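A.B. asks: First the structure, then my questions, so here it is.
All of the numbers you see were taken from the coordinates with simple rules; none came from a lab. Since this is a predicted model, take the numbers as computed values, not measurements. Using ideal geometry, Cβ is built from the backbone for each residue, glycine included, and neighbour counts are taken over all protein chains shown.
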Amino acid sequence: MEYGILGIIILILDIYAVVQVISSSASGGSKILWILGILIFPVLGFIVWAFAGPRGGRAAI
């Protein structure tokens, strides 16, 4: 049961990350690569995106 809840949490976080990538100002190719990375490696892809991914509508500092 615990793994099911963890899986749902990861799914929600990945959906959030994909939506943020789509709404970002990054180029089309960059968006595709980020989305593929998040979908192929759900946990690692989300963690990398959280630290280095494109930000939705904001300029990177």
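A.B. asks: State which residue pairs qualify: first residue within 12 Å of VAL21 (Cβ to Cβ) and in contact (Cβ under 8 Å) with a residue 40 or more places away in the chain and inside the range 37-52, second residue in a helix (DSSP H, G or I) and not charged (D, E, K, R) in any location, beta carbons under 9 Å apart, and separation of 6 or more residues or different chains.
C.D. replies: Pairs that qualify, where the first residue is within 12 Å of VAL21 (Cβ to Cβ) and in contact (Cβ under 8 Å) with a residue 40 or more places away in the chain and the partner is in a helix (DSSP H, G or I) and not charged (D, E, K, R): there are none.
A.B. asks: In addition: List the pairs whose first member sits in the range 8-29 and is farther than 16 Å from LEU44 by Cβ, whose second member is exposed (fewer than 11 other Cβ atoms within 10 Å of the Cβ), and whose Cβ atoms are under 8 Å apart, counting only residues at least 6 apart or on separate chains?
C.D. replies: SER23/GLY57; SER24/GLY57; SER25/GLY57
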